[in-house]
Structures are given as C-alpha cells and as structure tokens.
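Presented below is the structure to which this report refers.
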Amino acid sequence: MPIQSLFDETMATLQKSLNTGSLRHKVLTSNIANIDTPNYKAFEVVMEDVDKRDTLAKGPVELVRTRPRHLPGRHSSSNPLKIKTVDSSGNNFRADGNTVDLDKTMGKLAENTLMYRTAAQIIKKKFQGLKNAIQGGSK
C-alpha cells in the first residue's frame, strides 16, 4: 500500500481547515480586543477565491503588506486567504467610528470554534485508526 493513500487528500483538507480556523480565530479575537478603539474597522477572513484555486498549488505565496510598517511575512505553501475590512457603512451606529459588532463577532467566534473542534476530532480519529491498524487491531 503506497504511503500516499494513508494520508489522502482528506488530511490535507483538514489541515487547511485547521489553518483557516486558526486565522479566523485570530482575526475575530482581534476585533473583540479593539471594540473600544475609536475608528477601528473590523476585519474578516474572506475565502471566496480559495475554492477557485488548485488545491495543490505549487510554489510559495507572498503575504500582502497592507501598511508600510508591517513586517514581511514568511512564505506559505497553503492557499492564501484574504483579510479585509468589514463593509458596515449602513450598519454603524457608533459615534466613535468603530465597526465591531460584538454580538455578530461572538456568534462567528462560536461557529468557528465548533468547526475547528470538529476538524481536530476528525484528524484525531484518522490517526487513531492508523494506530489501530499498526498495532494489528488490538486495543
């Protein structure tokens, strides 16, 4: 049995799911941390272009520097995700210009946590199955 069939595309997809969930968590918690910052614009992770790309993209991908003072990022072999400001021009009722909606952000954070845990549990079960096969089916 080839090694590639042990770690099929499911593992790669689950890995990307965990990476995306981790990035989304960082963005959402950053939004929550800046809820009282005047003129702070909320961010979100956009995945619209990821489905259109080849899942086995070759070569490094550069991170986008949105500010001149940002440090250059490391190369990544995974599909790039875009982080953009949330368009809430008609929904902003705060006088300080902050666009973070705590209720929506907390809902997105809870949903993201569930998705992340699900992917982690699936990976755990796959590795348990491999371990069981290596041990000859005995527990």
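The values are calculated or read from the model by the stated rules, or taken from the named source; none is laboratory data. As the structure is a computational prediction, the values presented were derived from the model and not from experiment. A quick note on method: Cβ atoms are made from the backbone with ideal geometry, for glycine too, and the neighbour counts reach across all protein chains shown. Side chains included, ligands, DNA and RNA excluded: accessible areas come from the protein's heavy atoms. Shrake-Rupley method; radii C 1.70, N 1.55, O 1.52, S 1.80 Å.
Look at N98 and say whether it is of a type in the set (S, T, N, Q), at pLDDT below 95 and open to solvent by 70 Å² or more (accessible area, probe 1.4 Å). So that I can check it myself, show each step before the final result.
Numbers: of a type in the set (S, T, N, Q): yes; at pLDDT below 95: yes; open to solvent by 70 Å² or more (accessible area, probe 1.4 Å): no.
Taking the combined requirement at face value, the residue does not satisfy it.
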Is it the case that the range 33-52 has a residue that's closer than 28 Å to R117 by Cβ, at pLDDT 90 or above and in a helix (DSSP H, G or I)? yes
List the number of the failed condition for K139; all other conditions in (1) in a loop (DSSP other than H, G, I, E, B); (2) surrounded by 10 or more Cβ atoms within 10 Å (Cβ to Cβ); (3) at pLDDT below 90 hold. (2)
